Amino acid sequence: MPTSLNARLTPILTQALTLLLLLPLAASAQPATLFENAPVITGDGRLLVDADLLVRGDTLIDVGDAASFSLPADTTRVDLSGRFIMPALIDAHAHLGYQSPDGWGADYYSRENLLGNLRQYAWYGFAAVLSAGSDPEDLALSLQAEQAAAVAAGADDSLAASARFLFAAGMGPPGQGPNDAFLEETAVVSARTGMTILRAVDSPVAAIRQVREVARKNIPFIKIWVDDRGGSQDKLPPDLYLPLLAEAMRQRIDVFVHQQYPADMPPLIEGGASGFLHGRLGPELGPDIAAAMARERVFLVPNLGLGELRREAIGRDPFLQPVLPEPVAARLAATGGGRLAAPPPDPARDAPLETSLRHLQEAGASIVLGTDAGALPDHPFGYAGHRELEIFVRLGMSPMQALVAATGAAAAELKQSDLGVLEPGRRASFVVLAADPLVDIRNTRRIESVYLNGRAIDRDVIARSLRGAR
């Protein structure tokens, strides 16, 4: 780590730790709010009908029937009759920092743009997002520490009113891993910042060394690429990824895998991978792989929307327009070049995906929401997650199963034990909807308000800043 950054990061980490230790005392001194009279989708598969949430500070104190709560005398009541409450969402696969309202690529990567991406996620009701293997490690650690300090202090600023920033260190064959275009952009950012983004693995010794270096930085996640990119790159082979996985398990680091072919999944499952960031649903991902994933508790991100949304004139969607500058919305609304205003259903394409997804569900494998937003231009943060939920339901998941994939399951797989489920002791990070998403999953779009860490974010301010960013 550069000396100047280390000097900056150390006091931030110290401040964050101190504030976190004082958090219970601070929360108990804050007024309580009772959100009452609304169905609550808890995030773990349950629905509480006509329920209440008691919040103090940033914490959920009680969930259920307020008649059984011990209400503080200073409790403020918020009547949510006719509304619906669900946990704030989590995106387990994205690439932050490279996409801005003005364009995509290394020229846009900065702390400020990262923060803008996180604020866009918050606007769409997301509590956290994992940026998978494409960030300068020290810059990412610094931003994480600053955000943790802001949240612990109860700050009312852009750091606190943003989705939680998670990231994974990236590892692959030397100079390889991300798609060819993205690979060039990450190299530019790495050279400009002087910070590590992609760690080269060219021998078992190097694999072990790289994992230990990541462990020393207290980075809890690693992403590896096992993909030859259609012959343009080398695929990380088993004699390198198996010792990497073994050392990661010793260091208690979760390894997430970008893989291209289901045939690559069994040895990765047996070797100790924690999850797959590209589902590759289809005939080759059948019951045997699904059973192995369930047995070894390996999750899967289907990651279906990236291809679909690129065929659609998404700039016409009123749910996307509020966060886009007008020229960008107009460009994405144009048809032609492969984009259609309303692509017709394709049952033949969907059928093998439905079958594969059903195998995973029948086996009890963990399915998690992820979008790959940011790895290519024009796959908008947050918006893509809601569209992914719609695809899940179209392919046979119930709305409740889709929502669990985006909340409780995602929180569990990313080790975010304070998010994802609305239960006492967790963060008060939730979304208030105007219509029931269990009746129609598209009702996740009907956002009335978003609360992160007990505070309502100002969605109007966020939208204006995103539309006007230059």
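The values are calculated or read from the model by the stated rules, or taken from the named source; none is laboratory data. Bear in mind that the values here come from a model prediction, so they are computed numbers and not experimental data. Because the Cβ atoms are built from the backbone with ideal geometry, glycine has one as well, and the counts that use them run over all protein chains shown. Keep in mind that these areas ignore ligands, DNA and RNA; they rest on the heavy atoms of the full protein, side chains included. Shrake-Rupley method; radii C 1.70, N 1.55, O 1.52, S 1.80 Å.
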Just give me the residues in segment 254-288 being touching a Ser or Thr at 6+ places or on another chain (Cβ under 9 Å) and among the hydrophobic types (A, V, I, L, M, F, W, C), in sequence order.
Val255, Phe256, Val257, Leu281, Leu285
Only residues that are open to solvent by 60 Å² or more (accessible area, probe 1.4 Å), touching a residue at least 12 places away in the same chain (Cβ under 8 Å) and touching a helix residue (DSSP H, G or I) at 6+ places or on another chain (Cβ under 7 Å): list them for segment 321-360, please.
Ala330, Arg331
Of all residues making up segment 360-371, the number that are acidic (Asp, Glu) and under 19 Å from Val323 (Cα atoms):
0
Going through segment 5-57 in order, the residues found to be surrounded by fewer than 17 Cβ atoms within 10 Å (Cβ to Cβ), closer than 24 Å to Ala73 by Cβ and at pLDDT 95 or above are Asn37
Just one of Val151, Val214 is among the β-branched types (Val, Ile, Thr) and closer than 30 Å to Leu244 by Cβ; which is it?
Val214
Looking at Val439, Val393, Val431, which is the one that is part of a helix (DSSP H, G or I), farther than 17 Å from Ala94 by Cβ and either in contact with a Gly (Cβ under 9 Å, 6 or more places away or on another chain) or at pLDDT 95 or above (or both)?
Val393
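Answer yes or no: is there a residue in segment 450-461 that is assigned to a loop (DSSP other than H, G, I, E, B), more than 19 Å from Ala38 (Cα to Cα), modelled with pLDDT of 95 or more and open to solvent by 40 Å² or more (accessible area, probe 1.4 Å).
Yes, segment 450-461 has at least one match.
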Based on this model, can you work out whether Gly286 counts as within 26 Å of Gly305 (Cα to Cα) and at pLDDT 95 or above?
yes
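Yes or no: Ala191 in a helix (DSSP H, G or I), buried (at least 20 other Cβ atoms within 10 Å of the Cβ) and hydrophobic (A, V, I, L, M, F, W, C)? Don't jump to the end; show me each part of the working.
Details: in a helix (DSSP H, G or I): yes; buried (at least 20 other Cβ atoms within 10 Å of the Cβ): no; hydrophobic (A, V, I, L, M, F, W, C): yes.
For Ala191, the condition - in a helix (DSSP H, G or I), buried (at least 20 other Cβ atoms within 10 Å of the Cβ) and hydrophobic (A, V, I, L, M, F, W, C) - is not met.
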Looking across segment 397-419 at residues that are charged (D, E, K, R) and closer than 16 Å to His93 by Cβ, the single one that is most open to solvent (accessible area, probe 1.4 Å) is Lys415
